[in-house]
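**Q** Shown below is the structure under consideration.
The values are calculated or read from the model by the stated rules, or taken from the named source; none is laboratory data. All values derive from a computational prediction rather than experimental measurement. Here the Cβ is made from the backbone with ideal geometry for all residues, glycine too, and neighbour counts use every protein chain on show.
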Amino acid sequence: MDNDMKTTIEKLEKYASSTPSKWREALEYRQENKTWLRYSQRIAMLMLDKMDELGINQKQLAEMMSCSQQYISKILKGRENLSLETLSKIEGALGISIIKEEQVAV
Amino acid sequence: MTFDKITKDGRLWAVRFDENTDNEFIRTIDQWDDVQWLRAFFIENINDLIAYFKISDINIAISDTIEDSDRLQRIILDISPEADLNRIFRPLDNNQASDVMLQKEKARLKRKFGHSSWLRLYAIKLVSGVYIITGGAIKLTATMQEREHTSRELVKLERVRNFLLQENVIDEAGFADYMTEL
């Protein structure tokens, strides 16, 4: 690192935020949980498509699923690790199929 | 206005505006991972998406954004002490050949398949190899001035640049050089 770089960084240090950002933890969490997060994002896309088609908003969906609007908002961001119970409620409320049943050979 | 270190050695920073609880880097990345936010954005900008990228399926646009954002996140997470940040950031003005002090820069991804990436991180270059991220945008149009959301990023770049000049964060010689450029 040359002197110019060092001097500039030292000057900027004086303006560093008093509470450190947790950006690295947030990004590492996303990398570690990428596989299920992609499923969550795809489900959110499917739900938003269907909500548009049916003309229902978050509040109405929350009522249909007996949960809070805040929770619906989290699901629609595509960041929730959804339980089977919640997935069934979504399927029932929107009339969509998220988990497709596998054909079992007898 | 304060600044958060993105790399431990202080070569990459992100601005944290007083009105926000976190810095512009993580705030930008949060938007690029939020399906509902992305859907609303692409619905609002559907004409640009079709005109400039020939994409009319919003879910494809959302998936591409998430995929590119993931690559960008890995690049930032993987910056090593030896990495040259001048290879990540490019001058904002494509026609600009020479450096100006506190230059405005952008980080742009190269996609292997399909359309070019529309994701941009914007930064100020303090000195060679030291950058401050001021924000980011989904840039669908040819110029930033054409749309409100990209114009806002220009305002943020200018706000940070002015702050750094006022507070004399750059050294005397650098400041003189900057004045000469003006």
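**Q** Here's a check for you: in the stretch A:12-41, which residue that is under 16 Å from the mean Cα position of the chain (by Cα) and hydrophobic (A, V, I, L, M, F, W, C) is farthest from the other protein chains (Cβ to nearest Cβ)?
**A** Step by step, filter the stretch A:12-41, then rank; the result is A:TRP36.
**Q** Could you list, in sequence order, the residues of the stretch A:46-94 that are of a type in the set (Val, Ile, Thr), farther than 24 Å from A:TYR29 by Cα and assigned to a helix (DSSP H, G or I)? Show your work before the answer.
**A** Within the stretch A:46-94, the first condition is being of a type in the set (Val, Ile, Thr), and the residues that meet it are A:56, A:72, A:75, A:86, A:90.
Okay, now just the ones that are also farther than 24 Å from A:TYR29 by Cα, so A:56, A:90.
Within the stretch A:46-94, just A:ILE90 meets the criteria.
**Q** Can you tell me which residue among A:SER66, A:SER83, A:SER97 is surrounded by fewer than 12 Cβ atoms within 10 Å (Cβ to Cβ), on the phi > 0 side of the Ramachandran plot and within 21 Å of the chain's Cα centre (by Cα)? Walk me through how you get there before you give the answer.
**A** Working: A:SER83 fails: on the phi > 0 side of the Ramachandran plot; A:SER97 fails: on the phi > 0 side of the Ramachandran plot.
Answer to the selection: A:SER66.
**Q** Still on this model: Testing A:ALA44 on (1) under 24 Å from B:ARG74 (Cβ atoms); (2) surrounded by fewer than 12 Cβ atoms within 10 Å (Cβ to Cβ); (3) of a type outside the set (Lys, Arg); (4) within 14 Å of another protein chain (Cβ to nearest Cβ), one condition comes back false. Which one is that?
**A** For A:ALA44, the exception is condition (2).
**Q** Sticking with this structure for a sec: If I go through the stretch B:1-25 residue by residue, how many of them are surrounded by 22 or more Cβ atoms within 10 Å (Cβ to Cβ) and free of Cβ contacts under 8 Å to residues at least 60 places away in the same chain?
**A** Of the stretch B:1-25, the ones surrounded by 22 or more Cβ atoms within 10 Å (Cβ to Cβ) are B:3-4, B:6, B:11-16, B:23-25.
When the remaining residues are screened for being free of Cβ contacts under 8 Å to residues at least 60 places away in the same chain, the result is B:4, B:16.
Going through the stretch B:1-25 one residue at a time, the tally reaches 2.
**Q** Taking the criterion of being over 27 Å from A:SER21 (Cβ atoms), of a type outside the set (Ser, Thr, Tyr), modelled with pLDDT of 90 or more and assigned to a loop (DSSP other than H, G, I, E, B), would at least one residue in the stretch B:13-26 satisfy it?
**A** Keep residues of the stretch B:13-26 that are over 27 Å from A:SER21 (Cβ atoms), which gives none.
No, every residue in the stretch B:13-26 fails to be over 27 Å from A:SER21 (Cβ atoms), of a type outside the set (Ser, Thr, Tyr), modelled with pLDDT of 90 or more and assigned to a loop (DSSP other than H, G, I, E, B).
**Q** Among what's in the stretch B:27-60 and is of a type in the set (Asp, Glu) and part of a helix (DSSP H, G or I), pick the residue that is surrounded by the fewest Cβ atoms within 10 Å (Cβ to Cβ).
**A** Across the stretch B:27-60, the extreme among qualifying residues is B:GLU44.
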